[in-house]
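One structure is given here, and the rest of the page talks about it.
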Amino acid sequence: MEQIAVFVLGLIFGSFANVIVFRLNTGESLIFGGSRCFYCGRNLRWFELIPVVSFLALRGKCRSCGSKISWQYPAVELASGALFLLLWSEPGSYQLGKSPALTITAVLFFWLLLVISVYDIRHKIIPNPLVYFAILTAVLFLGFVNWNLMDNLKLIIENLAAGFGLFLFFGVLWFVSGGRWMGFGDAKLALALGIMLGWPLSLAAFFMSFWLGALLGLLYKFSNRSAGFKTQMPFAPFLSAGGLAAYLWGEKIIFWYLSLL
Ligand SMILES: [Zn+2]
């Protein structure tokens, strides 16, 4: 029962994620103003806004003009639902089970990363308000983990150093490539991840995101031979996926990796 509630809450947050991806920087309000069909402009009724269910019931088409509704809507909603459920049921490297404040902060952090990833795929940019909010959430998380500030000063400094280390690395990539390999937004996102994960999980996240990016980049290149190197691949989805994997299973992954050496 609890799991179903968490999943449904995730679906609803997924709906909100779609709103942010489509409306941020358009000047439209994120909270006020109903949703409309992109093509005929008709306002959608409440029963057309139920996550996933409405999309299936309408068979992915607008009720009045018959235009196709982007599959991004149900995909993001499902991803968000799955993310909530995963973070709720897996204790993760920090053993969150004990503290609701930690769990909520972690869920918020990775939900923001999901929004950033979808935004990056769609618009090829990471919006500042979202990534600053993610950095703030990571700092808050770090504060919750190390409630006795003085006892845990070393850990806090380590996490901040991991964040700035990753930030510097991505910042240098951004600078020397003139923004072609990496955007400056990726550097800010790396800062958030470093603060959240600390050492050595940051390093695990970093390597996983590069391996994943290289693998999918190659697949993409082989499937679109004409695209060549010109097509810019958004990197936020890889950073986010690597970060989530490191957060949930980082210690196991590091042990497994070390056992191969
Ligand atoms: Zn329509």
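The values are calculated or read from the model by the stated rules, or taken from the named source; none is laboratory data. Remember, predicted model here, so these are calculated numbers, not experimental data. Positions of Cβ are generated from backbone atoms using ideal geometry, with glycine treated the same way; all protein chains shown enter the neighbour counts. For accessibility, only protein heavy atoms count, side chains too; no ligands or nucleic acids. Shrake-Rupley method; radii C 1.70, N 1.55, O 1.52, S 1.80 Å.
The table below lists the values:
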{"quantity": "The stretch 30-64, residues that are away from the ligand (no atom under 16 Å from the Cβ) and in contact with a Lys or Arg (Cβ under 9 Å, 6 or more places away or on another chain)", "calculated": "LEU30, GLY33"}
{"quantity": "In the stretch 5-35, residue farthest from LEU130 (Cα to Cα) [restricted to those that are open to solvent by 50 Å² or more (accessible area, probe 1.4 Å) and at pLDDT 85 or above]", "calculated": "ALA5"}
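Every residue, every condition in (1) in a helix (DSSP H, G or I); (2) at pLDDT 95 or above, yes or no:
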site	(1), (2)
SER80	yes, yes
SER93	no, no
GLY143	yes, no
LEU160	yes, no
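This table checks each residue for (1) under 28 Å from VAL21 (Cβ atoms); (2) open to solvent by 80 Å² or more (accessible area, probe 1.4 Å).
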{"site": "LEU114", "(1), (2)": "yes, no"}
{"site": "ILE121", "(1), (2)": "yes, yes"}
{"site": "ASN128", "(1), (2)": "yes, no"}
{"site": "ALA134", "(1), (2)": "yes, no"}
{"site": "ILE157", "(1), (2)": "no, yes"}
